[in-house]
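The values are calculated or read from the model by the stated rules, or taken from the named source; none is laboratory data. Nothing here was measured: the structure is a model prediction, and the numbers come from that model. Cβ coordinates were reconstructed from backbone atoms using ideal geometry, including for glycine residues, and neighbour counts include every protein chain displayed.
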Ligand code: G
Ligand code: MN
C-alpha cells in the first residue's frame, strides 16, 4: 500500500499506531536498563509498517507533531504496565524518538511537563532521543528552547546516531545531552576496521570526560558484544540482545529476569582515564600560574582546590567505585590517593608563596610518585577483574 498523508491522518483518527520496545542492557550488571519505544503502524489489512516507511512522509506533510502528541498518552499507558515490573531501586526508563518538528513548538514540552506534574511518569523514567543531524540542520532557537525546557523538567536527552551528523561536537557543546547513542554503522564496521573501533573507543572516552553516558546500538552478534564489554560504554542495544518487542513481549522479557555477560572493567578503565586527565590538567594549571602575580595566583588556586572526595577519582571511589569495596587493591588505593591530595595542597601553598620552578620540581615529583601508586593499585584491580570477567563470562 502506498503511504499518503491522508492515510496517516486516517490512521491517527482510527488509532492504528502503537509502540514496540527494544530493550537496552547495562554492561556493568548485564541486566535490562530501559527500552527504546519504536513506532509501528498496524494497518487495517494487518500489515505492520515500520517507521522508515511513514515517518518521512508524516514529517514532510507537517503531521509529525500531531502523531507524536497522539502517541504520547499511549507511551504513558504502556509505561503504567512496565513500571510495575521494575526491581526495587532499578530504573528502566523508556526513550521516545522525537524529531525537530516535535521540538519546534511547545506542544511536546507541555505534554511532558503535565505528565510529570501529574505523576504519570517520573522525569527519570523518560528519555528523549533526538537524531543529531536533525538538530544541527535546524539550528533553530525554538528547538533549543524546547530542549532546555525539557531538561529543566528533569528529562534526559540522548543524541541518536552519534557520529553521523555534520557537527557532533558542536551539537554536544551547545545542548544539554546526557547520553550519546553511537551509531550502528561504526559497530557494523568495527570488526573489519581498526579505525572504526578506535572511533568508538575515543567517542566513549570523550563522553566520559564530559560526564555523558554512552549506548552502543546495533549489536548483532555475541562477538561484537564481547568486543565492547570492556570499552567503558554504559549500555548496549541490538538484535543480539533483543529485537524490538510488542508491549506484551517486553513485559514477558522483563518478567523473565534475563541477564547477559557483564564486567566492571570498562567502568574501571574510565575512572583511570579521567583521573589521569584531571591530574595532568591540574599540573598544567599550576604551571600556568608561575607567570601570574600574587593576587591572581591566590584567586586561581582557590578555584583549583579540591579534596580527595571531590576530584573525579574521589567521586568515583566513594560512588560507583564502591562496587569494588571488598577488593584489597581498591581499599589500598585510598591512602596514596589522600597523599596525592596532600601533595597537591603543598604545591598550592608553594605557588601562593611565590615559588618558582626550582622549588616546585621536588613537589611535583612527589605528586607524580603518589599518582603512580594510585595507578599501580588501579592496574592491579583491573587485572584481577579482567581475569574474573574472563572466568565468569567464558
Ligand atoms: O536510530 P535509531 O536508534 O532510532 O534506530 C533504531 C532502529 O534501529 C530501529 O528501527 C531498530 O529496529 C533498528 N535496530 C535496532 N537494533 C538493530 C540491530 O542490531 N541491527 C539492525 N540492523 N537494526 C537495528
Ligand atoms: Mn533511536
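Here are the numbers:
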quantity: Tabulated pairs, the stretch 150-165, first not assigned by TED's automatic domain parsing to the domain that holds residue 103, second part of a strand (DSSP E or B) and within 14 Å of ligand 2 (Cβ to nearest atom), C-beta under 6 angstrom, 6+ apart or interchain; calculated: none
quantity: Members of the stretch 164-185 found to be crowded, with 17+ Cβ neighbours inside 10 Å and either modelled with pLDDT of 90 or more or out of contact with any strand residue (DSSP E or B) (no Cβ under 9 Å at 6 or more places or on another chain) (or both), listed by number; calculated: 177, 179, 180, 181, 182, 183, 184
quantity: Which numbered condition residue 266 fails, given (1) on the phi > 0 side of the Ramachandran plot; (2) within 17 Å of the chain's Cα centre (by Cα); calculated: (1)
quantity: Members of the stretch 140-170 that are within 16 Å of ligand 1 (Cβ to nearest atom) and touching a helix residue (DSSP H, G or I) at 6+ places or on another chain (Cβ under 9 Å); calculated: 156, 157, 159, 160, 161, 162, 163, 164, 165, 168
quantity: Some residue of the stretch 250-262 being within 16 Å of ligand 2 (Cβ to nearest atom) and either without any contact (Cβ under 8 Å) to a residue 60 or more places away in the chain or crowded, with 20+ Cβ neighbours inside 10 Å (or both); calculated: yes
quantity: Selection count where residues are closer than 23 Å to residue 390 by Cα, within 19 Å of the chain's Cα centre (by Cα) and near ligand 1 (Cβ under 7 Å from one of its atoms), scope the stretch 215-249; calculated: 3
quantity: Of the criteria (1) surrounded by 15 or more Cβ atoms within 10 Å (Cβ to Cβ); (2) in contact with a strand residue (DSSP E or B) (Cβ under 7 Å, 6 or more places away or on another chain), which one residue 48 fails; calculated: (1)
quantity: Lone qualifier among 102, 60, 45 - being at pLDDT below 95 and within 14 Å of ligand 1 (Cβ to nearest atom); calculated: 102
quantity: Some residue of the stretch 52-73 being touching a strand residue (DSSP E or B) at 6+ places or on another chain (Cβ under 9 Å) and closer than 30 Å to residue 228 by Cα; calculated: no
quantity: Checklist (1) in contact (Cβ under 8 Å) with a residue 12 or more places away in the chain; (2) over 30 Å from residue 302 (Cα atoms) applied to residue 390, failing item; calculated: (1)
quantity: Condition check for residue 235: buried (at least 17 other Cβ atoms within 10 Å of the Cβ), within 16 Å of ligand 2 (Cβ to nearest atom) and over 24 Å from residue 272 (Cα atoms); calculated: no
quantity: Sole exception among (1) part of a helix (DSSP H, G or I); (2) over 30 Å from residue 27 (Cβ atoms) for residue 379, by number; calculated: (2)
quantity: Matching residues, the stretch 330-344, being free of Cβ contacts under 8 Å to residues at least 40 places away in the same chain and out of contact with any helix residue (DSSP H, G or I) (no Cβ under 6 Å at 6 or more places or on another chain); calculated: 331, 334, 335, 338, 341, 342
quantity: Positions within the stretch 353-367 being in contact with a helix residue (DSSP H, G or I) (Cβ under 9 Å, 6 or more places away or on another chain) and either assigned to a helix (DSSP H, G or I) or under 30 Å from residue 29 (Cα atoms) (or both), in sequence order; calculated: 357, 359, 360, 363, 364, 366, 367
